[in-house]
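In what follows, a structure is listed as structure tokens, so that the remarks can point back to it.
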């Protein structure tokens with residue numbers, strides 16, 4: 001069974017509200033995007049939006065929940081088929097680059113909202129930290145199995161997530177679609193091979 005992307009498991013109107021909100025949040029920022037603008041862009045009445053989402057906050061929370069769930073599920077499926085922890089980390093890096101390529105708006109929103117003290121900022125930080133801990137577990141496993149040496153799991157896991165930010169910046173700089181294979185190869189050669197016992 002194929003994995004569903006962000007916003008695919010919902011009815012047509014709800015999906016349109018969701019996807020429009022995501023584009024507006026990414027382009028204008030959360031605070032500058034109003035319910036009125038969302039409904040006008042989608043072409044629905046406020047009542048229709050409120051039938052699906054109780055507030056702008058709920059749309060945002062749903063967006064972050066769904067996106068981070070997709071990222072974690074994609075990784076779980078991929079690493080479950082791998083034994084070597086370096087290969088697992090390679091899979092993580094590749095999936096992160098693919099998520100940037102396919103869901104740039106989503107990642108832009110999450111990364112822009114992890115700073116600050118509002119509820120949504122705290123929620124985004126928690127989701128990112130939760131994800132980083134998943135990567136951290138892979139690094140710890142690799143250290144225990146002696147496949148990874150000389151690293152701090154927290155630093156490395158945070159750094160691997162940081163590659164997501166680097167991919168987003170790279171995409172903005174080159175102003176074209178990411179060459180996934182090229183970017184992955186660069187990250188693998190410059191970072192992942194550095195702490196593998198079997199290089």
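See the values below:
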{"item": "Candidates 147, 154, 141, 136, filtered to the one that is closer than 15 Å to residue 87 by Cα, in contact with a helix residue (DSSP H, G or I) (Cβ under 8 Å, 6 or more places away or on another chain) and either without any contact (Cβ under 8 Å) to a residue 24 or more places away in the chain or loosely packed, with under 14 Cβ neighbours inside 10 Å (or both)", "result": "136"}
{"item": "Residues of region 107-119 that turn out to be touching a helix residue (DSSP H, G or I) at 6+ places or on another chain (Cβ under 6 Å) and over 22 Å from residue 90 (Cα atoms), as a count", "result": "5"}
{"item": "So residue 64, is it within 19 Å of residue 125 (Cβ to Cβ) and at pLDDT 90 or above", "result": "yes"}
{"item": "Near pairs, Cβ below 8 angstrom, 6+ apart or cross-chain, from region 78-93 (without any contact (Cβ under 8 Å) to a residue 12 or more places away in the chain) to any residue that is in a helix (DSSP H, G or I)", "result": "82/88; 82/91"}
{"item": "Residues located in region 168-186, provided they are in contact with a helix residue (DSSP H, G or I) (Cβ under 6 Å, 6 or more places away or on another chain) and either in a loop (DSSP other than H, G, I, E, B) or modelled with pLDDT of 90 or more (or both)", "result": "178, 180, 183, 184"}
{"item": "Hits in region 80-99 (condition: crowded, with 19+ Cβ neighbours inside 10 Å, touching a helix residue (DSSP H, G or I) at 6+ places or on another chain (Cβ under 6 Å) and farther than 26 Å from residue 177 by Cβ)", "result": "85, 88"}
{"item": "Some residue of region 47-62 being in contact (Cβ under 8 Å) with a residue 60 or more places away in the chain, closer than 19 Å to residue 162 by Cβ, in contact with a helix residue (DSSP H, G or I) (Cβ under 8 Å, 6 or more places away or on another chain) and surrounded by fewer than 17 Cβ atoms within 10 Å (Cβ to Cβ)", "result": "no"}
{"item": "Criterion violated by residue 154 - all others in (1) touching a strand residue (DSSP E or B) at 6+ places or on another chain (Cβ under 6 Å); (2) closer than 29 Å to residue 108 by Cβ satisfied", "result": "(1)"}
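The values are calculated or read from the model by the stated rules, or taken from the named source; none is laboratory data. From a predicted model like this one, the values you see are computed outputs, not experimental measurements. Cβ coordinates were reconstructed from backbone atoms using ideal geometry, including for glycine residues, and neighbour counts include every protein chain displayed.
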